[in-house]
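Following: one structure in structure tokens, then a few remarks.
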Amino acid sequence: MKNQADNDLNDLSYEQAFQELEQIVEKLESNQGTLDESMALFERGQKLSQYCTALLESAELKVQQLNPAAIPDKTEKSL
Amino acid sequence: MAVASRNFLDEAVDTLNQARYACAMQQGTLFSSISLTVGDVTHYLRELLDSDEVLRDIWVMGEVSNASTPASGHLYFTLKDQTATLKCVMWKPQAMRLHFPLRAGMAVEVHGGISVYEQGGQYQLYADAIRPVGEGALYQEFILLKNQLESEGLFDPDRKRTLPEMPAKIGIVTSPTGAALQDMLNTLKRRYPLAEVLIAPAAVQGDSAPAEIVAALQRLNRIPDLDVILVARGGGSLEDLWAFNDERVVRAVAGSRVPVISGVGHETDFTLTDFAADVRAPTPTAAAEMATPDKTDLAERLGQVTLRLTASAAMKLEGALDDNAALRRRLERVSPLWAINDQRQRMDDLSQREILAWQNRLHSLRLENTGWQQRLAALNPYAVLQRGYAIVSTCGGQVIHSRAQVTPQAELRIQVSDGAFKARVTETNSGGEK
């Protein structure tokens, strides 16, 4: 279970992870749910926070150049 | 005048013919020709032009390009229209009297005479007066197209889409060799290295530029999860930026499935692409900035959310522990003895260790909170001042954290969010624990 949860963390973009973290905090602050639920949320939130921190600290811009596009011929067959 | 010049021309032609004839006689044949020097021919042409009534005193209308004023103070420029160009020069005394700066793209009327610059082997207009005629032809073309596209609704504000806050994939349409690309990549690296950048290279000036820009936009639009496209070019003359006023380019930008940010030229340059884009940035660098959040801001927001996370978890835990204790006290007070004993035993069995465990967690959560607070403080030491806190220091700059550091009458410096002021200690009290 735990491993699975960690794995799906790696697929999240920074934005997704941060949004989930914000939702968790809002849920926790609304103070609903049992203690156990809250602690589970907290743990998930903690992982998301660490994941986001790691992304921010280690990210390097990926740059890719597409090949120059072929300019469509003016004498196209379609009409 | 006309007669005089006719006579002069006739004379010149006669001179030439005589020279040719004399030479032919000498060599014994009428058909061999003699060579004139370059200087002779050029001088002849000059006299020919100078003697022409029309060319001596004319107004010429055209569009200015390549205006330059070297250290000499003379003004050199080219007049052009759709079919031809004409070199012009205005000497310093007249150039200094011009009431407006001559800029590329301006439509002007120039007065002067046409003659030959013999050393350069070119004819040119020696200008003595210049006056603007309305707005330049290019500009008029621009206005016409702008009005047309505007009436079609291409520039409507409600067509503009909001940009994604944190784009994962960013497309760039620009010249692969331009400085604009490096500026944008550096900005993205610094602000938001989380992104992936796809560069669709295109010429950004010249005849092939519009078609290449359109093709690059189309290619990027075929990438399904692309979040935003930057269409950019560094500064240049009006003509250099002209591709971004091309109807094909403007329509492609307006029709892009992916939101577009334009960053063409400098702050003062406006192109039709800017009007069609979802967001107009004044420069390529600004376009990259508008496309992305700043890493430092993200780190601060993350810190704040994480602080709220641990704080709310700690509160929840604290509440639960309090409830537990209260419940136990109520039980002791209200329950019949047998029940008390029974419950007490269950409590002891079930909860004692659990409570200890929770208390330990609460303790570690508090530690964690402090850790986050410190990290946040490191990120932005002055943010806290805006919430009404102040930093008190001696006038020597030493921060006060203890009563022992001050004596009555000592002068202190109080730093608040928008500045600092001085205050004097009137008395000191012990205690003060929160």
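When B:Val64, B:Val392 are arranged by Cβ crowding within 10 Å, least crowded first, meaning fewest neighbours, the order is B:Val392, B:Val64.
What does the average come to when, for each residue of peptide B:165-173, you count the partner chain Cβ atoms lying within 10 Å of its Cβ?
Values: counts 3, 6, 2, 4, 3, 2, 1, 3, 0.
For peptide B:165-173, the averaged partner shielding equals 3.
Among B:398-410, B:91-103, the peptide with the highest mean count of other Cβ atoms within 10 Å heads the list, and the full ranking is B:91-103, B:398-410. Here the ratio of the Cα radius of gyration of region B:385-424 to 2.2 N^0.38 Å is 1.13. Expressed in Å, the radius of gyration and Dmax of the Cα atoms of region A:15-55 are 10.2, 31.
Across peptide A:22-32, the mean count of Cβ atoms from other chains lying within 10 Å of each residue's own Cβ comes to 4. With viscosity set to 0.692 mPa s and temperature to 37 °C, compute the Stokes-Einstein D of region B:156-226, Rh being the Kirkwood radius across alpha carbon pairs; µm²/s, no decimals. Diffusion coefficient, whole number: 243 µm²/s.
As a rough footprinting exposure proxy, the listed residues B:Ile34, B:Ile199, B:Ile172 were ranked by other beta carbons within 10 Å of their own, and the order from fewest upward is B:Ile34, B:Ile199, B:Ile172. Cα centroids of region B:102-166 and region B:395-429: 65 Å apart.
Which GluC sites (Glu not before Pro) in region B:106-162 pass both tests, a DSSP loop state and at most 15 other beta-carbon atoms within 10 Å?
Values: sites: B:Glu109, B:Glu118, B:Glu135, B:Glu141, B:Glu150, B:Glu152; in loops: B:Glu118, B:Glu135, B:Glu152.
Hits after loop and neighbour filter: B:Glu118, B:Glu135, B:Glu152.
With only Cα atoms counted, region B:114-254 has Rg and Dmax values of 20.3, 64 Å. Put in line by how crowded their Cβ is, counting other Cβ atoms within 10 Å and starting with the fewest, B:Phe270, A:Phe42 read B:Phe270, A:Phe42. For the residues of B:209-221, the average number of beta carbons from a partner chain within 10 Å of their own beta carbon is 2. If you bin all the Cα-Cα distances of region B:36-134 at 5 Å, starting from zero, the percentages per bin are 3, 13, 23, 24, 18, 12, 5, 2, 0, 0.
Using the Stokes-Einstein relation with a Kirkwood hydrodynamic radius computed over Cα pairs, the translational diffusion coefficient of region B:187-293 at 37 °C and a viscosity of 0.692 mPa s comes to 240 µm²/s.
Taken along the Cα-to-beta-carbon direction at a fixed 7 Å, the label points for B:Glu141 and A:Ser30 span 6.0 nm.
For the pair region B:40-79 / region B:191-266, the C-alpha centres are spaced 40 Å from each other.
All of the numbers you see were taken from the coordinates with simple rules; none came from a lab. Since the model is a prediction, treat every value here as computed from it, not as a measurement. Cβ coordinates were reconstructed from backbone atoms using ideal geometry, including for glycine residues, and neighbour counts include every protein chain displayed.
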